[in-house]
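Chemist: Can you read through this structure? Questions will come right after.
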Amino acid sequence: MAKERIYEVAKELNIDNKVVVQKARDLGFDVKNHMSSLEDSQVKQLKGSFQSIAPAKEADKSSKKNSKIKISVSSIRKNEKKTENKTVRKHSNDKNKNNRRRNQNNKENNQQNAAKTKPAARDLLKQFKQKQRAEESNLNKQTQKAKQEYHEQLKNPKQVKPNKTEEKEVPKAKKTEKTIGPKILKPSPARFKKNNASDNNNNNGNNKPNFRKPTPRKPVAKVEIPESPKDTNSSRGRDTGKPGRKGKNQFFNNHSDHSDRQERKRRKNKKRQHEQPKKQPTKRKERPLPETLVYEEGMNAQDLGKLLHREPAEIVKKLFMLGVMTNQNQSLDKDTIELLAAEYGINAEQKVHEDISDIDTIYEKQIEASKNSKNLVDRPPVVTIMGHVDHGKTTLLDRLRHTHISAHEAGGITQKIGAYQVRLDDRLITFLDTPGHAAFSNMRARGAEVTDIVVLVVAADDGVMPQTIEAIDHAKSANVPIIVAINKMDVPGANPQHVTEQLMKYNLIPEDYGGDTIYVNISAKTGENVDDLLQMILLQSDVMELKADPKQKAIGTVIEARLSRGRGSVADILVQEGTLHVGDPIVVGNTFGRVRTMTNDRGRQVKKATPSMPVEITGLNDVPESADKLVVFDDEKTARSVGEERAQQALQRQRENVTHVTLDNLFDTMKKENMKEVDIVLKADVQGSVEALQQSFEKIDVEGVRVNVIHSGVGAINESDVTLAGASNAFIIGFNVRPTATAKSQSETEGVDIRLYSVIYKAIDDVTSAMKGMLEPTYEEKVIGNLTVRETWKVSKVGTIAGSFVDKGVVKNDSKIRVIRDGIVVYDGQIASLKRFKDDVKEVKAGNDCGLTIDGYNDIKVGDEFEVYEMQEVKPK
Ligand SMILES: Nc1nc2c(ncn2[C@@H]2O[C@H](COP(=O)(O)OP(=O)(O)OP(=O)(O)O)[C@@H](O)[C@H]2O)c(=O)[nH]1
């Protein structure tokens, strides 16, 4: 029998070689290592020594097979303890040395057992992962397949027909549900978070957000289009992997990214269309054209389109056809707009802007409005008495004032208020208390035509005189009917027949002679036939049908106005239309206020004044002028603003109308105003010049008219000089000086003439010639630019170069130039050279720097001012 080696036995027993070698040595065999050979008996003995361990090991193996594999340190330790205990129990009688060895062997065995259990657990885990991967890949495959099908369907929508069963399933009414393929949910931020969370779970606690691999979703065949706005919004979420960044999601950036985007866009549009029903192109209603086109000059096609209810393009087209090339925004003139209106076959009317401060227009409008009023009532006539001097006008008015008042008005007219009313048979007649045609014409000249009837007083003993004729002419030109009162009939030698014959030459034909002029022979002194005269006035008034509307807002005219101590501004007003009430906010001429008190011609306080009634009113802020219009406004605020505006305008007009004496109009002004002195304000560079000029001026004597220097001084012409000259109607002579900027603009505003000279005799000549009416300036200097010196350079052979800045206008290389230092002209000459950046230039405009030299003058200093001027020919005025 062949010998067995140790390692073979160890292999057979499945025990480590070293353990078997040791065991053999323990049994007393002569072995060196695991290659040593053993006899059969020795092998049996050795195997037998291991038999006691084998059952325990077998039992251990079977128990482990049945139990579930648990890989844990505690279980290994448990096993170790178990085997240890068993070994201890089995070999309790062995020697300590052997026990230790056995124990060690057992330990090794146990380690081997543990090593055997570890690969088993790994296998299980491996299997588990493989299964999971398989599931995942299966899912991915399904997703990819679904996506592919879906995109194919998108590309060829006709090919994919929903089968009948599907059609049946989808109710027709339910429009929001569509079978359009798998839904690729958009990664809204909320959804993204959710995906990440699930990913993170799969990643075994890896909390880093996984942008690269969002969890693929199962394809969904039916897609419900969200109806709620909330859902719509969520579907509008950006296609982002990262919040705030677009298109970074690689999953959606795959091959289908582009088509995804398109699909999203398409779906969004569809949704929009669905949500907002398609707008039908609104057809503009053809509105009828207006009867009249009320336009303003400067309107454009758009404005006119609105007025005409037509498209601006149509207007442009129409104008084009009419030969007017325009666009929609171009302003059109009056003629073009009227042409367009004519083309449409409608009238055109230019809109007039109502200026609320124009009370004359308001007044006229009120007059016009009353003509068509339904509230018209008879009003007393307003009468003016005219005639030649001493023919008895005042005597007649006095008689009427004192005699023709009713009993209850006894006491007579104590107060003279410019007009009064007399009563006859309960009818009233208003007389203006300012006789004579001068007053009448003055009122007329100022636009006040308040008189209805003129009573022409002619003294029977004197006949027609020059002022009688003037009065006739004035009355006729005003188209006011004349009633002839032949006065002083009580005087012996009165010859009314002669007067009638004379007046007939002036076309005042009495009714007896076939005419229509009323003649009444009266005596103002005795009162003879005065009632007849009044009767005739009323008759004439009836013929004229004088009516007014007492219910409208009052308008009136100032007959007289004055400033009363204690009462302020007092105005005698003749109410012409409407009824004036106490408290009415009014504007009278350029004044304004509220009617505080109202007094009638009997001196009684009244609350209201009806048409043709003269009243004295208080409450105005200033004294108006006679013939000023009175207009009532709705509120005091408006009245105030209108009054202030008018006062301002009047002041401006007054300023504009003031013509100051100038050298040009000096001769005419001297003749017109009969001037004895010509006032001058004189300013010069030095006191010596002032004195020399003053003496020379004061020697001038032209036909008894002398020059009076009202103010003289050294230095620039300032505002004070201009104010003085303006107030004194003087003009200013400046010798080698210039006006300050403010003085210059002030002189232009106020029209004060400033003449500047640099040669004494020229100044004297000009003034003398102007006084003689021979001033014929052929040339006038015109300042074309102003410069300031900023730097100077002295260059040999060239002189001083002035580095200057052009503040205003322009400087030319051939201009004349004045050097002004502290308002005084220090040199007057010619520009020698003009450069800009080393180049010679012809001119330099405002806002640029330049360098210049002055012919024959080098004393230029920084801060000097240059006045560049040209001599321009002026036509004689
Ligand atoms: N005998 C007589 N004298 C009269 C009559 N009317 C006026 N007189 C006198 O004539 C003079 C002039 O009368 P006025 O009333 O002042 O005449 P007037 O037209 O107002 O004169 P002026 O104010 O200067 O324009 C006075 O002395 C009157 O007394 C009259 O009817 N008979």
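Since every read-out is calculated from the coordinates, none of them should be taken as a lab result. Everything quoted here is computed from the prediction, not taken from an experiment. Neighbour counts are summed over all protein chains in view; Cβ atoms, including those assigned to glycine, are modelled from backbone coordinates with ideal geometry.
Chemist: Could you rank the peptides 453-466, 535-548, 515-528 by their average count of other C-beta atoms within 10 Å per residue, with the highest value first? Could you put the intermediate results ahead of the total?
Modeler: Numbers: 453-466: 22.2, 535-548: 16.6, 515-528: 18.7.
So the peptides 453-466, 535-548, 515-528, ranked by packing, come out 453-466, 515-528, 535-548.
Chemist: Also: So what's the net charge close to GLN497: Lys and Arg +1, Asp and Glu -1, counting the other residues with Cβ under 13 Å from its Cβ? Don't skip to the end; give the middle numbers.
Modeler: Working: positive: none; negative: ASP461, GLU501, ASP512.
Surrounding charge for GLN497 is -3.
Chemist: Using the Cα atoms of segment 778-874, I'd like the radius of gyration and the largest Cα-Cα distance, Dmax, both in angstrom.
Modeler: Rg then Dmax for segment 778-874, in Å: 12.4, 41.
Chemist: Report the charge-dipole magnitude of segment 568-622 in Debye, nearest 20, computed about the Cα centre from +1 at each Lys and Arg Cβ and -1 at each Asp and Glu Cβ.
Modeler: Numbers: 6 positive and 6 negative charges, 56 e Å.
Charge dipole, segment 568-622, about its Cα centre: 260 debye, nearest 20.
Chemist: Placing +1 on the Cβ of each Lys and Arg and -1 on the Cβ of each Asp and Glu in segment 6-49, which of LEU46, TYR7, ASN17 has its Cα farthest towards the positive end of the resulting dipole?
Modeler: ASN17
Chemist: Quick one: order ILE732, ILE385 by neighbouring beta-carbon count within 10 Å, fewest to most.
Modeler: Working: ILE732 24, ILE385 28.
So the residues, fewest neighbours to most, are ILE732, ILE385.
Chemist: Additional query: Quick one: net charge of HIS388's neighbours, Cβ under 11 Å, K/R +1, D/E -1?
Modeler: On the way: positive: LYS393; negative: ASP390, ASP462, GLU470.
Every neighbour counted, the sum reads -2.
Chemist: Can you compute the charge dipole magnitude of segment 675-773 about its Cα centre, using +1 on each Lys and Arg Cβ and -1 on each Asp and Glu Cβ, nothing else charged? Give it in debye, rounded to the nearest 20.
Modeler: Values: 9 positive and 14 negative charges, 31 e Å.
Once rounded to the nearest 20, the dipole reads 140 debye.
Chemist: Can you give the FRET efficiency to the nearest 0.05 for LYS808 and GLU691, using r as the Cβ-Cβ distance and R₀ = 30 Å? Numbers along the way, then the final one.
Modeler: Details: r = 34 Å, r/R0 = 1.14.
Efficiency for this residue pair is about 0.30.
Chemist: Using a 7 Å offset from the Cα along the Cα-to-Cβ direction at both ARG567 and GLU677, what is the distance between the two label points in nm, to one decimal?
Modeler: Modelled inter-label distance: 4.2 nm.
Chemist: Report the full-extension gain for the segment LYS334 to SER758: residue separation times 0.36 nm, less the Cα-Cα distance, to one decimal in nm. The partial results should precede the final answer.
Modeler: On the way: separation 424, 0.36 × 424 = 152.64 nm, distance 5.28 nm.
Result for the pair: 147.4 nm of gain on full extension.
Chemist: Beyond a 30 Å Cα-Cα separation, which of these cross-linked pairs lie in this structure: LYS18/LYS129; LYS145/LYS265; LYS676/LYS808; LYS683/LYS838?
Modeler: On the way: LYS18/LYS129 40 Å; LYS145/LYS265 23 Å; LYS676/LYS808 42 Å; LYS683/LYS838 40 Å.
Over 30 Å apart, Cα to Cα: LYS18/LYS129; LYS676/LYS808; LYS683/LYS838.
Chemist: Take the Cβ-Cβ distance between LYS607 and LYS476 as r, set R0 to 51 Å, and report the resulting FRET efficiency rounded to the nearest 0.05.
Modeler: 0.80
Chemist: I would also like to ask the following. Per residue of segment 721-738, what does 6.51 cos²θ - 1.76 cosθ + 1.60 with θ = phi - 60° give for ³J(HN,Hα)? Whole Hz please, x for Gly and Pro, Karplus curve as stated.
Modeler: 4, 5, 4, 4, 4, x, 5, 9, 6, 10, 10, 10, 10, x, 10, 6, 10, 10
Chemist: Note down the magnitude of the dipole of segment 292-350 about its Cα centre, charges +1 on Lys and Arg C-beta and -1 on Asp and Glu C-beta and zero elsewhere, to the nearest 20 debye. Don't skip to the end; give the middle numbers.
Modeler: On the way: 5 positive and 10 negative charges, 47 e Å.
Result for segment 292-350 is approximately 220 debye, rounded to the nearest 20.
Chemist: How big is the C-alpha Rg of segment 6-49 next to the rule-of-thumb value 2.2 N^0.38 Å, as a ratio?
Modeler: 0.94
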